[in-house]
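Contents: one structure, followed by commentary.
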Amino acid sequence: MAAAMLGIALVSPPSSALFVLPPSSNSDWASPPTPFLLGASKASLSSSFHICRARVAWRLPTPRMVVSCSGSSQACLNPDANPELDQLRGKKIYRRDRQNVDLPAILPKNKKKPFPIPIQKMQRAARRDKKLAEMGIEKHLEPPKNGLLVPELIPVAYEVLDYWKVLIKGLSQLMNVVTVYGCSKCPEVHVGPVGHQIQDCSGTGSEQRRNHHSWVKGSINDVLIPIESYHMFDPFGRRIKHETRFDYERIPAVVELCIQAGVDLPEYPSRRRTSPIRMLGKKVVDRGGYVEEPKPPRSENCMSVLAELDTYAAQFEQPPLPASDTRRLAERTLKAYSTVRRGVRQLMKKYSVKACGYCPEVHVGPWGHNAKLCGAFKHQWRDGKHGWQDATLDEVIPPNYVWHLLDPNGPPLRTSLRRYYGKAPAVVEVCVQAGAEIPESYKPMMRLDIIIPDSEEARLVV
């Protein structure tokens, strides 16, 4: 009774007992007095009980860690010196594998996209650059911010460009085996033998069609959304103006990123600097002068190379493949897709890629162009200019999520069962239906562990 009044816990554990290691905050814990037991001597107490002297809680918080205590009281007094605790810290007790993952939320069109980098961090960097400029100190720039190439990323750029060609060629061949549909009224895409019956169309005349989609035969641009950018001979040279926008050719943003990262294509020449540029604040002090852009050759061989880099030239019909080669082609195409995304992510950590915060426009280079082509939310306030910010990987290579079919030959998808369906990028869905194995990274969003019930069974689900 007295021990309970004093807030002392006396236990008689076996040789390996469990006790809770409390937090080390002094505000929540108080040191108890020396423990004692009525009617028992010190010798009997020490022989009958293994007492771990610990701080006793006057209010019990949530325990943080369970520590294995051996028979030695010294190990209990200093749990940090316990070798079993060290082993426990180095082990993963639970595997935190994701089972089902929700897709990223669709951003509203009447708001600006969030900044990938916190605005406070950008403001601190701007104030630091402004302070150095006022002191007359030039900004220290590392490659490729100073116009020089990064030698370690040149092989990565060549690898991305090679797999980009494999991806385009593989998709153009797989679309002869896998059917792709696109809605003629909205951007919805479906991969399967027949279009789904989910009523989520928001295009023109959707009210008369009760939000049903108007399916037409799709193309490779519905699977791999083309994101183009202006090709610039000198990214640090003159900026593109609205009047001079037709003097520059538009190519896929992935190809332009590879060119600026060190890939040499005779069709798209690029300036390679030998001396770095110098900047004072936001002003370029020395860029090595302006160099006139050479005219690229336009022969038949050059046109064939350009056709491999653009999805618009891959829409021609190709002969169908045998069933034995279709699966290998699907696996090779899926590997090319993952390699391109991984390589582009690695290049974007060094090379600047800008995206408009209101529309899908992308520009590869340190500064965005000045073409007044933005027609998104409140473009009148900006005089049609883009709101440039740092781009993300999904803005350069949009995943274009589509509904996943567990059984392509089964019944079409229905609106009442849409919460049981999963989604996947369109490229992944095409390759999976062609016979490729589902990658581990896309399994959580496909909801493969969910059994789709019948319409009558779905009514009984709470």
Flag for Arg271 being farther than 16 Å from Val160 by Cβ, modelled with pLDDT of 85 or more and in contact with a strand residue (DSSP E or B) (Cβ under 8 Å, 6 or more places away or on another chain): no
Residue within region 319-331 that is within 17 Å of the chain's Cα centre (by Cα), polar (S, T, N, Q) and surrounded by fewer than 22 Cβ atoms within 10 Å (Cβ to Cβ) present: no
Val430, sole failed condition from (1) over 20 Å from Gln260 (Cα atoms); (2) buried (at least 19 other Cβ atoms within 10 Å of the Cβ); (3) touching an Asp or Glu at 6+ places or on another chain (Cβ under 8 Å): (3)
Residue ID - surrounded by the most Cβ atoms within 10 Å (Cβ to Cβ), chosen from residues in region 150-161 that are among the aliphatic types (A, V, I, L, M) and outside any loop (DSSP other than H, G, I, E, B): Val160
Residue count, region 166-193 (criterion: among the charged types (D, E, K, R) and either surrounded by fewer than 16 Cβ atoms within 10 Å (Cβ to Cβ) or in contact with a Ser or Thr (Cβ under 7 Å, 6 or more places away or on another chain) (or both)): 1
Residues of region 113-149 satisfying the condition of being loosely packed, with under 12 Cβ neighbours inside 10 Å, over 30 Å from Cys359 (Cβ atoms), of a type in the set (D, E, K, R) and more than 27 Å from the chain's Cα centre (by Cα): Arg128, Lys131, Glu134
Residue that is in contact (Cβ under 8 Å) with a residue 40 or more places away in the chain and part of a loop (DSSP other than H, G, I, E, B), where the choices are Arg238, Arg210: Arg238
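The values are calculated or read from the model by the stated rules, or taken from the named source; none is laboratory data. Computed from a predicted structure; not experimentally measured. Virtual Cβ from ideal backbone geometry, glycine too; neighbours counted across all protein chains shown.
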